[in-house]
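Accompanying notes for the structure given below.
All of the numbers you see were taken from the coordinates with simple rules; none came from a lab. What you are looking at is a predicted structure, and each value in this text was computed from that prediction instead of being measured. Please note: Cβ atoms are built from the backbone with ideal geometry, for glycine as well, and neighbour counts cover all protein chains shown.
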Amino acid sequence: MEINFAGWLPEALLVDLPEIDAQHEEIFHRIESLKTACFENSYVPIDEFDALFEYFAMHFATEERIAEEAGLEFAEHAKIHEDTLGILRRALTEVRSKARDAHSFLRYCEYWFERHIAEDDRLFISILQSGACNRSSSLRHAGRPPFSAQA
Ligand SMILES: [Fe+2]
């Protein structure tokens with residue numbers, strides 16, 4: 001299947017799994033669209049921020065489904081997803097109450113997501129594609145989200 005990427009997903013971040021690459025592309029596209037919408041503008045389209053959050057959740061569920069179907073041990077990666085959703089949920093509450101700047105939220109999303117793809121998703125998909133997943137491969141992840149519980 002050939003996918004026409006509009007250019008939001010850097011080539012270096014392609015993981016060579018079309019369903020996942022397409023979702024990564026969509027997330028970068030949504031982040032860029034929100035940056036444009038909020039640039040030099042006090043209006044924050046909170047519904048679109050909520051939609052970005054829901055898309056992150058759907059994307060994480062997709063990865064977890066793929067891992068489960070392949071019989072891959074995914075608990076550590078899924079915990080990263082869960083922790084990140086908790087951080088993003090709290091940060092979004094702060095954006096809504098104007099305690100956090102919308103641009104800060106978007107910069108964090110972009111930085112975290114790029115690192116997550118490069119370090120965690122790459123490892124996951126390389127194990128998936130190596131066929132080693134049915135041996136209950138253990139994934140060792142590089143790190144936790146840099147925003148901690150205070151976010
Ligand atoms: Fe992931």
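Per-residue Karplus couplings for segment 76-90, computed as 6.51 cos²θ - 1.76 cosθ + 1.60 with θ equal to phi - 60°, are listed in order as 5, 5, 5, 5, 4, 4, 4, 4, 5, 4, x, 5, 5, 4, 5 Hz, Gly and Pro entered as x. Annotation note: trypsin sites (Lys or Arg not before Pro) in segment 37-117 located in DSSP loop regions with a Cβ neighbour count of at most 11 within 10 Å are K98. Taking only the C-alpha atoms of segment 19-135, the Rg (one decimal) and the largest Cα-Cα distance, Dmax (whole number), read 15.5, 52 Å. Checking every one of the chymotrypsin sites (Phe, Trp or Tyr not before Pro) in segment 38-74 against DSSP loop status and a limit of 11 other Cβ atoms within 10 Å picks out F39, Y43.
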